[in-house]
Amino acid sequence: MSAPVRPKLKTAFKKARVISPLYTGGPVAATPDGRRLVTCVGEEAILTNVEEGNEICRFIGDTESITSLCISPASTHLLLFTSSLSLRIYELPTSLIPLQKPIHPVRVIARAHDAPVHVCKTDPTSTYLASGSADGVAKVWDIQRGYVTHVFKGHGGVVSALAFNYPFDPSFLGREQKMQLITASVDTRIRIFDLSAAAARSGASAKPEAVLEGHVSVPRGLDVTRDGKWLVSGGRDSVVLIWDISPKPNQDGKSKNSKGKGKEKDAAPVLVKTLPVLERVEAVGLLPQDDGLNGTSSGAAKLHIYTGGEKGVIKVWDARAGTVLYTLGQEQDVVSDDQEEQRQIVDIIHVPSTSTVISVHADQNILFHSLIARSLTRQLIGYNDEIVDATFLSPFLPPQAQSGPSTSKLVDTHVALATNSSLIRVYSAKSLDARLLSGHSEIVLCLDHGAQGRVLASGSKDRSARIWAPSHAAVSLQNDLSAPSVPEWKCVAVCEGHAESVGAVAMSRRAMEDNQSMRFMFTGSQDRTIKMWDLSSVPISATDLDGQSMKVKSLATHKAHDKDINSLDVAPNDRLLVSGSQDKTAKIWEIEYHGSGNDSSQTVRGEIKLLGTCKGHKRGVWSVRFGKAERVLATGSGDKSVKLWSLDDFTCIKTFEGHTNSVLRVDFINAGMQLVSAASDGLVKLWNVREETCVTTMDNHEDKVWALAVSSDERTIVSGAADSVVTFWEDCTEEQEHEKESKRAETVLKEQDFMNYLALNDYRNAILLALAMEQPGRLHTLFKNLPSSESFSPTSITGHPAVDEVLRTLPGADLARLLRYVRDWNAKAKTSPVAQRVLHAVVKLRAAEDIMNAFTQDNTLSVLTNDEMVVTTGKAGDKGGATALRELIEALVPYTERHLARMEKLVQESYVVDYLLGEMDDGMFGVDEDLDEEEVVDVMDVDTAIAIGA
């Protein structure tokens with residue numbers, strides 16, 4: 001029988017994706033194709049790829065909050081106004097590939113208005129931008145040139161809504177078409193202005209063509225049909241008004257206008273219908289697929305509109321009948337005033353290309369609704385606040401589990417997050433799509449999963465625990481494309497009985513024999529008790545639930561600790577329970593559970609008995625976790641350490657120290673050979689259990705890492721912190737090993753090629769290869785061995801004519817790299833002779849202009865500053881190359897002068913030795929006595945010159 005193969009240790013995890021704050025309030029805009037979304041996070045605007053769920057880029061702001069923004073219909077420009085009253089125009093990137101650098105504005109108009117701008121909109125041709133400010137002024141801007149084309153004053157307060165009316169009429173082809181700007185303000189009036197060039201040339205004052213009065217409160221939404229006939233307006237007076245604004249033809253076929261005094265009344269727009277919406281309307285719009293109209297003056301035929309407001313749902317209306325066709329979203333019957341204020345819709349964006357409407361809510365959620373399917377297709381959660389806990393979920397069954405009981409491993413397709421909120425977030429593991437689970441009345445503190453990830457358990461400050469199950473639990477992964485990416489979850493059971501907050505939950509790790517029901521669950525509370533709950537009758541699918549959530553009965557209650565219970569865990573075989581508390585201890589309990597099995601008449605019984613206590617931590621125990629393969633237990637504590645305990649005698653086996661703050665979460669991976677820990681220092685560490693060493697540290701958080709979850713295949717680790725960031729870490733150990741192996745093989749081949757070039761005296765390729773491999777040591781050896789080689793030439797500067805030719809024709813970037821190596825060699829006395837010889841050759845063989853150009857052509861120039869290598873970017877024509885060359889020379893000159901002084905001193909000392917030897921033994925070791933004094937001086941000069949040249 002062969003020995004089991006031990007798994008390889010994981011040594012590296014890479015940051016695969018991040019769920020960071022997406023929207024913290026303010027305006028939102030979407031591109032016409034619906035694939036990209038611009039939202040505000042603090043004072044910055046970010047562009048997000050909706051389908052992939054990643055951030056494309058950020059737009060640099062002016063440290064002031066953004067008051068209004070819009071995207072041109074051509075998706076070329078982003079235009080936004082800030083509290084500093086400035087207009088900033090950016091070019092939108094065309095690619096969906098994330099950009100590393102933020103985008104700067106192409107134009108900034110410092111004081112676009114004299115008051116904050118709350119609404120702005122572009123015309124259908126992407127040529128003009130209209131903006132309305134709080135001082136009652138509306139301006140029209142030329143986007144490309146950045147100047148004002150029209151200024152409209154006279155609004156009785158804040159401009160609250162804008163709309164362009166630019167009807168497309170093929171009969172106008174070749175002639176100028178009329179463009180209008182429609183504005184609404186807090187004086188409840190709607191004004192229509194003419195923007196045509198003919199009106200501008202006439203010199204007429206900027207007065208409205210018509211003023212519409214019908215609202216009794218501020219209008220918040222305006223929209224016009226494509227043929228320019230119908231205008232809809234919705235306001236906080238809970239009504240939507242439908243206006244006929246088409247020009248009325250005279251008997252001669254010409255349209256009426258307001259020039260004739262007697263005809264002015266006939267040419268005014270007509271209020272056709274009033275729709276009582278019965279809620280404050282914050283957004284209203286027309287559905288263009290139904291605006292072919294063929295309406296009459298008496299009413300609006302086949303006119304469909306959508307509204308959104310304080311109730312948080314989108315209603316689609318048949319304007320002619322005045323009835324609601326359907327509603328998008330869920331309208332709750334009983335909600336508090338605070339919840340109603342958070343749920344209200346603040347804006348709606350219609351994307352005709354995908355038949356989607358996007359609703360922006362006051363609670364920072366962005367919902368995508370399909371008009372075809374009439375259902376929610378995607379939900380983006382703007383801000384998660386502090387991440388408290390996380391766990392993986394597997395609501396979709398694999399295909400082989402459809403037919404019956406199966407032990408096949410489920411796929412972790414979703415992640416549940418507990419945040420500083422009563423709502424639980426369930427995210428798709430591949431995108432930003434999420435759902436909110438409402439049921440708790442106070443903050444959710446802890447999460448756990450059961451039934452192989454198909455059921456979710458939560459504990460809250462409301463002193464209860466709840467069991468959640470998906471509505472589509474039997475959906476096959478093969479049909480995942482037709483199913484929603486995140487199923488709807490419902491509360492199937494409630495556990496009530498604790499006197500304080502429930503801070504820890506742990507579900508049984510094994511399912512029942514039929515694989516369709518659960519066994520038990522434990523809860524730990526601030527009341528210092530542990531309760532055991534019977535889950536045998538709780539369904540694992542919300543579709544099996546009849547009516548409301550069922551009440552779960554408690555099997556046992558024990559006062560377990562002297563302080564708050566922070567963590568619970570059940571052993572993989574469901575026989576042991578461990579609890580960690582603020583009283584600095586972890587206690588191990590034996591679980592006795594007798595289920596009903598196949599006999600429904602048998603009573604379910606459960607009990608726990610204390611087996612032992614693990615004492616040794618100096619602070620409270622925040623996390624406990626059983627080993628998955630061995631009888632060990634890991635605990636994380638506020639004393640900054642992780643301890644490993646034996647379940648045989650409850651003694652501490654190993655202690656892992658390395659975190660600089662409290663260890664909040666621990667978990668085992670890799671068959672118990674490694675540990676993962678998360679701490680208040682914002683770090684996630686991977687430990688080697690056998691050697692008690694930290695293998696790698698994962699750093700992407702700026703605050704306490706409260707949440708840690710490991711996927712079932714142990715290839716993904718999720719960490720969530722108090723900085724509202726959730727990071728997915730993927731195992732890249734094999735990738736790193738393959739990369740290192742390929743680099744090593746490539747290096748070996750290059751080294752072999754280098755030796756072959758030397759053997760063939762191919763110095764050009766040898767030098768170029770050494771420079772490409774960035775191996776100054778091999779290059780130094782090459783130059784050092786030239787004088788001792790068989791092909792040494794005394795007439796050559798370097799010792800070999802071929803090397804002289806290489807230095808004379810070396811490309812600019814390689815020459816700059818070689819001179820930097822020379823600078824480093826020159827700093828040491830041992831390598832300075834080679835540095836001086838190469839420097840002498842370069843100066844003799846290359847013109848000064850060539851050396852200067854070599855540094856300007858080198859894109860990455862390393863200059864020595866403050867004893868560090870600083871990377872700068874040099875381009876032709878800037879000062880980068882000249883600066884780098886000057887600093888290189890400044891580094892070469894002092895060492896060269898020092899070497900020269902040392903050589904001169906050695907020469908002088910050698911003549912003292914010669915003199916002493918000459919005086920001894922009748923000058924047999926000395927200088928020829930027949931030489932006169934001038935000849936002796938000449939000899940000294942020649943020796944000095946030779947020494948310096950060497």
Exercise for review: Please state which of the following conditions Lys153 fails to meet, knowing it meets all the rest: (1) surrounded by 15 or more Cβ atoms within 10 Å (Cβ to Cβ); (2) closer than 19 Å to Arg191 by Cα.
Suggested key: (1)
Practice item. For region 620-651, name all the residues that are surrounded by 18 or more Cβ atoms within 10 Å (Cβ to Cβ) and of a type in the set (Lys, Arg). Key: Arg625, Lys640, Lys643
Study note, to complete from the structure: Restricting region 237-258 to residues that are surrounded by fewer than 14 Cβ atoms within 10 Å (Cβ to Cβ) and either outside any loop (DSSP other than H, G, I, E, B) or in contact with a strand residue (DSSP E or B) (Cβ under 7 Å, 6 or more places away or on another chain) (or both), the one modelled with the lowest pLDDT turns out to be Ser255
Check your understanding: Wholly within region 418-467, which strands (runs of 3 or more DSSP E) include no fewer than the required count, namely at least 1 residues that are surrounded by fewer than 20 Cβ atoms within 10 Å (Cβ to Cβ) and among the hydrophobic types (A, V, I, L, M, F, W, C)?
Key -> 434-437
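Being part of a strand (DSSP E or B), crowded, with 16+ Cβ neighbours inside 10 Å and at pLDDT 85 or above: is that true of Leu275 here? Outline the logic, then answer.
Working: part of a strand (DSSP E or B): yes; crowded, with 16+ Cβ neighbours inside 10 Å: yes; at pLDDT 85 or above: yes.
Taking the combined requirement at face value, the residue satisfies it.
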Practice item. Output the residues belonging to region 65-101 that are loosely packed, with under 13 Cβ neighbours inside 10 Å and either of a type outside the set (Ser, Thr, Tyr) or within 20 Å of Tyr23 (Cα to Cα) (or both). Key: Ile97, Gln100, Lys101
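Specify which of the listed residues (Ser796, Ser724, Ser712) is crowded, with 17+ Cβ neighbours inside 10 Å and under 30 Å from Ala418 (Cα atoms). Please lay out each step first, then the result.
Values: Ser796 fails: under 30 Å from Ala418 (Cα atoms); Ser712 fails: crowded, with 17+ Cβ neighbours inside 10 Å.
After ruling out the rest, the residue left standing is Ser724.
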Review point. Just a yes or no: is a residue in region 587-600 within 20 Å of Ala678 (Cα to Cα) and assigned to a strand (DSSP E or B)?
Key: no
Study note, to complete from the structure: Selection over region 680-703 where residues are within 23 Å of Asp389 (Cα to Cα), surrounded by 15 or more Cβ atoms within 10 Å (Cβ to Cβ) and touching an Asp or Glu at 6+ places or on another chain (Cβ under 9 Å) yields a count of 6
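Within region 787-803, is there a residue that is small (Gly, Ala, Ser), in contact with a Leu (Cβ under 6 Å, 6 or more places away or on another chain) and under 15 Å from Tyr763 (Cα atoms)?
First, pick out the residues of region 787-803 that are small (Gly, Ala, Ser): 788-789, 791, 793, 796, 799, 802.
Subset that is in contact with a Leu (Cβ under 6 Å, 6 or more places away or on another chain): 799.
Those left that are additionally under 15 Å from Tyr763 (Cα atoms): 799.
Checked against the condition, which is being small (Gly, Ala, Ser), in contact with a Leu (Cβ under 6 Å, 6 or more places away or on another chain) and under 15 Å from Tyr763 (Cα atoms), region 787-803 yields at least one hit.
Looking only at strands (runs of 3 or more DSSP E) that fall completely inside region 27-136, which ones have 2 or more residues that are farther than 30 Å from Ser428 by Cα, in contact with a His (Cβ under 8 Å, 6 or more places away or on another chain) and modelled with pLDDT of 90 or more?
Details: elements: 36-41, 44-49, 54-59, 66-71, 77-82, 87-91, 107-109, 117-122, 128-133.
Here the list reads 66-71, 87-91, 128-133.
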Practice item. Evaluate region 824-842: report whether one residue or more is more than 21 Å from Leu892 (Cβ to Cβ), assigned by TED's automatic domain parsing to the domain that holds Leu892, buried (at least 18 other Cβ atoms within 10 Å of the Cβ) and touching a Phe, Trp or Tyr at 6+ places or on another chain (Cβ under 9 Å). Key: no
Exercise for review: State whether the residues of region 901-913 include one that is closer than 17 Å to Arg823 by Cβ and either assigned by TED's automatic domain parsing to the domain that holds Phe855 or surrounded by 13 or more Cβ atoms within 10 Å (Cβ to Cβ) (or both).
Suggested key: no
Review point. So how many residues does region 652-672 have that are in contact with a Pro (Cβ under 9 Å, 6 or more places away or on another chain) and either of a type outside the set (A, V, I, L, M, F, W, C) or surrounded by 19 or more Cβ atoms within 10 Å (Cβ to Cβ) (or both)?
Key: 1
Exercise for review: Please list, ordered by first then second residue, the pairs with beta carbon atoms under 6 Å, 6 or more apart or interchain, first in region 8-36 and small (Gly, Ala, Ser), second at pLDDT below 90.
Suggested key: Ala12/Cys732; Ala12/Thr733; Ala12/Gln736; Gly34/Thr354
Practice item. State whether one or more residues within region 13-33 are of a type in the set (D, E, K, R), within 23 Å of Tyr128 (Cα to Cα) and surrounded by fewer than 22 Cβ atoms within 10 Å (Cβ to Cβ). Key: yes
Exercise for review: Output the number of the condition that Asn859 fails; it satisfies all remaining conditions of (1) in contact with a Gly (Cβ under 8 Å, 6 or more places away or on another chain); (2) surrounded by 19 or more Cβ atoms within 10 Å (Cβ to Cβ); (3) modelled with pLDDT under 60.
Suggested key: (2)
Review point. Restricting attention to region 748-765, which residues are in contact with a helix residue (DSSP H, G or I) (Cβ under 6 Å, 6 or more places away or on another chain) and polar (S, T, N, Q)?
Key: Asn765
Check your understanding: Quick check: is even one residue across region 396-415 at negative phi, touching a Ser or Thr at 6+ places or on another chain (Cβ under 9 Å), modelled with pLDDT under 85 and surrounded by 24 or more Cβ atoms within 10 Å (Cβ to Cβ)?
Key -> yes
Check your understanding: Any idea which of Val117, Val140 is within 34 Å of the chain's Cα centre (by Cα) and more than 30 Å from Arg17 (Cβ to Cβ)?
Key -> Val117
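How about region 42-54: which of its residues are closer than 24 Å to His350 by Cβ and either under 13 Å from the mean Cα position of the chain (by Cα) or buried (at least 16 other Cβ atoms within 10 Å of the Cβ) (or both)?
In the first step, residues of region 42-54 are kept if they are closer than 24 Å to His350 by Cβ; the result is 45-53.
The answer is Ala45, Ile46, Leu47, Thr48, Asn49, Val50, Glu52, Gly53.
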Practice item. For region 654-668, name all the residues that are within 26 Å of the chain's Cα centre (by Cα) and within 16 Å of Ser711 (Cβ to Cβ). Key: Arg665, Asp667
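The values are calculated or read from the model by the stated rules, or taken from the named source; none is laboratory data. Not measured: the values here are computed from a predicted model. Quick reminder, even Gly has a Cβ in these numbers, built from the backbone with ideal geometry, and neighbours come from all protein chains shown.
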